[in-house]
Amino acid sequence: MLLCTMTAIPVSAQRYYGQRPVPQYGRNYISPNTYYGLRLGVMASKVTSDDRYLDGSDTKAGLNVGAAIGVQLTPRAPLYFETGLYYAEKGGKGYFEGDKFTYNLNYIEAPLVLKYNFYVDRDISIQPFAGGYLACGVGGKIKDFGNREAFNAFDDHNFKRFDGGIRIGCGAQFNLLYLELGYDFGLANVCDDNFETSRNGAFFANIGVNF
């Protein structure tokens, strides 16, 4: 009887839960597969433009804060789709006719990336990711230091509210602690002038937790 019971137990395999490998016994495994995260970090961004007035190719620092959710795409591999909502402060610095300008462009962003977890051991994983992002401008200022004036960044003839592009980077997780570095390559033309182009670019570094 004991021998029959032992032979009826399937050989264990690996399954991924909460981004960690856990034992799986036949069809009776923990089903998965979703994690939630909080993020806080900084951005170093710039605006490259054909329009000299809107070109802010000197980097500007800003805040990046938000929440993420990741869903495992297949039980056979630690491949996840991650999205979320972030408040991101982008923009740049530049000069126009000798006067300094700063561009503060504040967005609500939604990343849309695929992430794969390489496990160094049970508690540590390296997580490269690639995909895109979509963003909507929610506020911002153009500051003219020469004339001591400020303008709404998303008014006519300045910047469009919609932005989108490519996001690449890599994260690392130890237990609940999560760190990541990445870059946003803006593809959308955020310039409101039909004859010019402006694009965002931003390096970001975040720290947070995953549950």
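The values are calculated or read from the model by the stated rules, or taken from the named source; none is laboratory data. These figures come from a predicted structure and were not determined experimentally. Because the Cβ atoms are built from the backbone with ideal geometry, glycine has one as well, and the counts that use them run over all protein chains shown.
Considering only residues that are touching a residue at least 40 places away in the same chain (Cβ under 8 Å) and either part of a loop (DSSP other than H, G, I, E, B) or of a type in the set (Phe, Trp, Tyr) (or both), look in the stretch 119-147 and name the one that is surrounded by the fewest Cβ atoms within 10 Å (Cβ to Cβ).
Among residues in the stretch 119-147 that are touching a residue at least 40 places away in the same chain (Cβ under 8 Å) and either part of a loop (DSSP other than H, G, I, E, B) or of a type in the set (Phe, Trp, Tyr) (or both), the one surrounded by the fewest Cβ atoms within 10 Å (Cβ to Cβ) is ASN147.
Given ALA188, ALA150, which one is surrounded by fewer than 18 Cβ atoms within 10 Å (Cβ to Cβ), modelled with pLDDT under 95 and aliphatic (A, V, I, L, M)?
Going through ALA188, ALA150 in turn, the sole match is ALA150.
Out of the stretch 33-92, which residues are of a type in the set (Ser, Thr, Tyr), part of a strand (DSSP E or B) and over 20 Å from ASN175 (Cα atoms)?
Once the filter is applied, which keeps residues that are of a type in the set (Ser, Thr, Tyr), part of a strand (DSSP E or B) and over 20 Å from ASN175 (Cα atoms), the stretch 33-92 yields SER45, THR48, SER49, SER57, THR59, THR83, TYR86, TYR87.
Here is a check on your reading of the model: is GLU196 exposed (fewer than 14 other Cβ atoms within 10 Å of the Cβ) and not aromatic (Phe, Trp, Tyr)?
no
Name every residue in the stretch 166-211 that is outside any strand (DSSP E or B), acidic (Asp, Glu) and touching a Lys or Arg at 6+ places or on another chain (Cβ under 7 Å), in order of residue number.
The answer is ASP192, and nothing else.
Condition (residue is in contact with a Cys (Cβ under 8 Å, 6 or more places away or on another chain) and at negative phi) applied to the stretch 191-202: is it met by at least one residue?
yes
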